[in-house]
Structures are given as C-alpha cells and as structure tokens.
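Every read-out reported here was derived from the displayed coordinates using simple, explicitly stated rules and does not represent laboratory data. Since we're looking at a predicted model, the values are computed, not measured. All Cβ positions, glycine included, derive from the backbone under ideal geometry; neighbour counts span all protein chains shown.
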Amino acid sequence: MELKVWVDGVQRVVCGVNEKTTCQEVVIALAQAMGRTGRYTLKEKWKDVERHFMPDEKLLPSLSKWGQQAKDVQLILNRTGPSLNLRPVSDKLRGAERNIHRQSLPPMAKLRNKSDKNGHLKEAKRKSLNFAEGAREWLESFGKSKEGKGKGKDPEPEKKGSGSNPEPGGELNQLLHRQQEKLKSLQSELESTEMEIEKLKEDDQPNISEDMIQLQELIDERSAEAEEVEFWENELKAEQLHGGELRVQLEEMREKLEECEEKLRDCRLKTQFLEADTEMVRSQREWQEAKSCHGIRIKVEELKEEISVKSQEAIQLQEDIRLVEKAIERVENEIQRKRCELEDLTRELRQANLLQFIQQTGTKVSILPVQEGPAEVMGE
C-alpha cells in the first residue's frame, strides 16, 4: 500500500506500507530517500486539528479512526533540527535528495536490532524511543547488508503536489500540543526509571527486590496517570470536533433561512403583481369581474397561505438556530471544564515526579522543567 506524506511542500509517496508499519519506519524511509540527516517529527493534520505521531505508533490503524474524513487528513514531515552527529553527505545521497520522491520501506528485518529478542517485553513500555535510536539501528544493519549486494533499481521519478497552506491553530490545539509534550516528558522519565532498575539489577545491591517492587508500583501508577491524561486529550479533541460539526450545522441553517427569506420576498412581489393585475382587469372588464376576481382571489389566498407557511418555517429555523447556539455554549463550557481537569492532572503528575525523586535521593531539591527534544534521524 502507498502512503502520501508532505515534505517541504512536496508530496512524497512511501511504498510498502501495511497495518504493522510504524511512524519510525516511515520517517527512516523518507530520511534515507532524501539523504539528509537531522531530527524529524511526523504529524497528521485535518483542518485546524494537528497531532504528532509517537515513534512506535502504527499509521494505518490511526488513520482509519478518522473514518470518511481520512481522505482529508494530511501527513506532514517536519525537520526540526540538525543531527547531533553530522557526517558529510555523499554525492549519491545528494542526487537522491534531488531526484527521489518515491521510496519503499526498508525490510522489517533491517529495522530490528538483534537485542530486541531479549528485550521484547520492555519494548512495549518504552514508548518514548526517539527516531535517532531507530535510525542508527537501521543504518548499521543496512550498511552491513549493503556490502554484498548490488545497486537496486532506480526509484520512480519525483511526484510533486501543491502543498496546502497550514491554517492557524486555535487555543485548544496549543493546549493539546502542550499536553502531548508533557506526556512525552513523562514517558521519558518512565524510560529513565526502567534504566535505573536495570542498573540496580546489575549492581546487585541489598534489598533490591523491595526497591524494584516500589519502583514498579510507581511506574504502574504513573503509567495509569499518563493513560488518563491521554484519554482526556482524546475527549477534548472529540469535543472540539463535535463543536466544529455544530458550527457547520449552524451555517447550513443560516443558509436555509436566507433561502426562505429570499423566497418570501419573491412571493410578496408576486402578490403585488397579482393585485395590480386584479385592479387592471376590474377596471377594463366589469362584466368579467366576478369570474376574474374570483380566480385571482383564489391565487392570492394560495399565495398568502404559502407566505404564512414560509413565515412559520422561518420562525422554526430561528428557533433551531437558538437551540444550536445553546448547544455550542454547553460544549464550550464542557471544554473549559475538561481543560481545568487536564491542568489538575498535570499538577498531580508533577507532584508525583517530585515525590519519586525525593524518595530515590533522600534529599529535597528543586526540579527544573524537563525539555525533551524531538526525535533524531541520521542518514547514511
């Protein structure tokens, strides 16, 4: 299956994508196709809604959650900075960067390190694995296997597309982005805690079993809190989407109201013309006054009834608009309440982090905010 990704305003096509393909594998394939080292982030965008993918998140299942709106979702790859270990790029890779926009995913076997067989159980918890680690693993295995192989077929010619102009995000999108950064920071701390557990195992210190149990309990507790934060983020996004649908319905009702008002004006004009014709016929042909006036009066009555019906429809539409506005107000209040709940959860997570650090060191220290850089991908 093919997956379209926007890179610097140009649409690239990644081949060989399946249900198990992760974000990390797609980013590595694109970085290898462009021949550029650096740190990259992959995000999905639908109108004003943006969300960054986790490295081990599977793309096709995530896109399928959008349903019929999946065709309007754009995948955007951003280069957030240079690589920490910069190496000169060969002429071959530079040529690939200029000419290649279509790249197949590398074999799954080359993306897996041999040590993954022993650490498979830990891999599920280490969701904060960055793109740089995966890139190094892939490049090492790719370099070893490349010595005994010939050159592959040239990729297909570059496919260009017009980049979509990003629409300005609202306050809710900024809040979602901040919460996602906090979630990444929390996952990074979970990873460091696991590393500390491994270190304690190697040192074979006394009472290590009890310490491991306590640390594991803290990890489970914080993992549950992280899942709860992610749940509320999804709820907030759902409420935002629902509010957007309500606004669309409100616009449709306003358009229908304008159409009804236009029809009402047309009916009034027709009524005026018919009344003028009635007066003219009455003055010219008195002997046909009864028949002509009777027929015209019937038409006038029918038009008046139609005007009355249209007026009632307009009143009903106005009432529906008021109900929709009230529903939007309730949704906004609900979003505000959930935003407060997210802030409370964030405060509790910070307190849990401080308590864990104090329990580990036995001293009181001040904690600076954790700044986690985006993932890193290295090209060969």
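Of the trypsin sites (Lys or Arg not before Pro) found in segment 232-308, those that fall in a DSSP loop while having at most 12 other beta-carbon atoms within 10 Å are R285.
Note on segment 170-373: dipole from Cβ charges, positive end direction compared against I197, L345, N234; the farthest Cα belongs to N234. Roughly what would the spin-label model give for N78 and E210, points 7 Å off Cα along C-beta, in nm? Inter-label distance under the simple model: 4.8 nm.
Each other residue within a Cβ distance under 12 Å of Q179 adds +1 if Lys or Arg and -1 if Asp or Glu, for a net charge of 0.
The simple spin-label model puts a point 7 Å past each Cα toward its Cβ; for H242 and L303 those points are separated by 4.8 nm. Please compute the net charge surrounding E255, taking Lys and Arg as +1 and Asp and Glu as -1 over other residues with Cβ under 15 Å from its Cβ. Taking every Cβ under 15 Å from that of E255, the sum is -4. Net charge in the neighbourhood of Q356 (other residues with Cβ under 9 Å of its Cβ; Lys, Arg +1, Asp, Glu -1) is 0.
Extending 7 Å from the Cα toward the beta-carbon at both V10 and S64 defines two label points whose distance is 3.2 nm.
Shown here for segment 230-319: chymotrypsin sites (Phe, Trp or Tyr not before Pro) in loop regions (DSSP other than H, G, I, E, B) with at most 14 other Cβ atoms within 10 Å, namely W287. Annotation: amide H-H contacts under 5 Å for R39 (H modelled 1.01 Å from N, sequence separation of 5 or more, or interchain): T80, G81, S83, V377. Taking the Cα centre of each part, how many Å lie between segment 317-367 and segment 53-83? That distance is 25 Å.
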